[in-house]
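Input: a single structure, listed below in structure tokens.
Values in this text are rule-based calculations from the coordinates and carry no lab data. What you are looking at is a predicted structure, and each value in this text was computed from that prediction instead of being measured. Using ideal geometry, Cβ is built from the backbone for each residue, glycine included, and neighbour counts are taken over all protein chains shown.
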Amino acid sequence: MFRFLHPKRSAVTDAAWQAVRESLPIVATLAESDAGKLRALTDTFLRTKSLEGAGGFDLDEGSRVVVAAQACIPVLALGMEAYTGWRSIIVYPGGFVSRGTSVDETGVEHEWEEERSGESWFRGPVVLSWEDVAASGRLEGYNVVIHEMAHKLDMLNGDANGFPPLHAEMDGAAWYRVFSDAFEDLGARVDAGEETAIDEYAAEGPDEFFAVTSEYFFELPEVLDECYPQVYAELRAFYRQDPLGRIVAAGGR
Ligand SMILES: [Zn+2]
């Protein structure tokens, strides 16, 4: 099971960690104790998951740490067990074309293809575009790595549907109500042509709403808390983190 575990080798070198800690805002703004925890998790992540470049992309050591560190932010308080059941991350240089088939309501099968910045397969790999990874972590509300990891957490209890397995102390009915209300509110604003503070991609479906609000939770928590404070509170209980507090501690941005 731990074929990829090399206990004598540190997967994260000091130089690679320093680069991420200094230049990636989402890591740079962490308190020292959280950053230490994140480094340890990043190390475990790199030892237990397989990260590979594809489509001619050379995933060097620095890039591996950039991906792994951001992947570990959502599980900073949950631990690596939350990423059980899958092992592989594949990174393309840019957007990649995803193909599949779907059956419409009349039973006719259609082939589709679309360009994507990331995707997660149920119990399968996560696929990422490096171009989008490089645009993530700047505390601007966009993070393709966190987005796909949120889908992975959502898939722990079946297909992604915006309803991941909750902690025992959480109330499933409250989660459902809070997320449904916010999802409907965003959809109505998008339909009305309003410019929304949360990326309108979140209105695509409850699964995307959970993944996109997770990006905002870690990247722009003040924006999410302003728009949908109850969603922020549910995510705080789910991730067992309070990124707003981090900003307050840092004296605001
Ligand atoms: Zn998505």
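Structural remarks
- For region 5-71, chymotrypsin sites (Phe, Trp or Tyr not before Pro) meeting the loop criterion (DSSP other than H, G, I, E, B) and having at most 15 other Cβ atoms within 10 Å: none.
- In order through region 71-88: 3J(HN,Hα) via Karplus (6.51 cos²θ - 1.76 cosθ + 1.60), integer Hz, x for Gly, Pro: 5, 8, 4, x, 9, 3, 9, 9, x, 5, 4, 5, 9, 7, x, 8, 9, 10
- Span from the region 166-219 Cα centroid across to the region 47-106 one, whole angstrom: 23
- Antiparallel bridge percentage (DSSP; both residues within the chain; nearest 5): 60
- Amide H contacts of G141: L220, each under 5 Å away and 5 or more positions distant or on a separate chain (H built 1.01 Å from N in the peptide plane; Pro and chain starts excluded).
- Note, ³J(HN,Hα) from phi for region 53-70, Karplus 6.51, -1.76, 1.60, rounded to Hz, x at Gly and Pro: x, 9, x, x, 7, 8, 7, 7, 4, x, 5, 4, 5, 4, 5, 5, 4, 6
- Taking amide hydrogens as placed 1.01 Å from N in the peptide plane, the amide H of I89 sits under 5 Å from those of S50, L51, E52, V126, each at least 5 positions away in sequence or on another chain.
- The chain, helix-only ellipticity at 222 nm - DSSP H runs n ≥ 4, -39,500 (n - 2.57), divided by all residues, nearest 500: -14000 deg cm²/dmol
- Lys, Arg +1 and Asp, Glu -1 on Cβ, resulting dipole of the chain about Cα centre, debye, nearest 20: 1760
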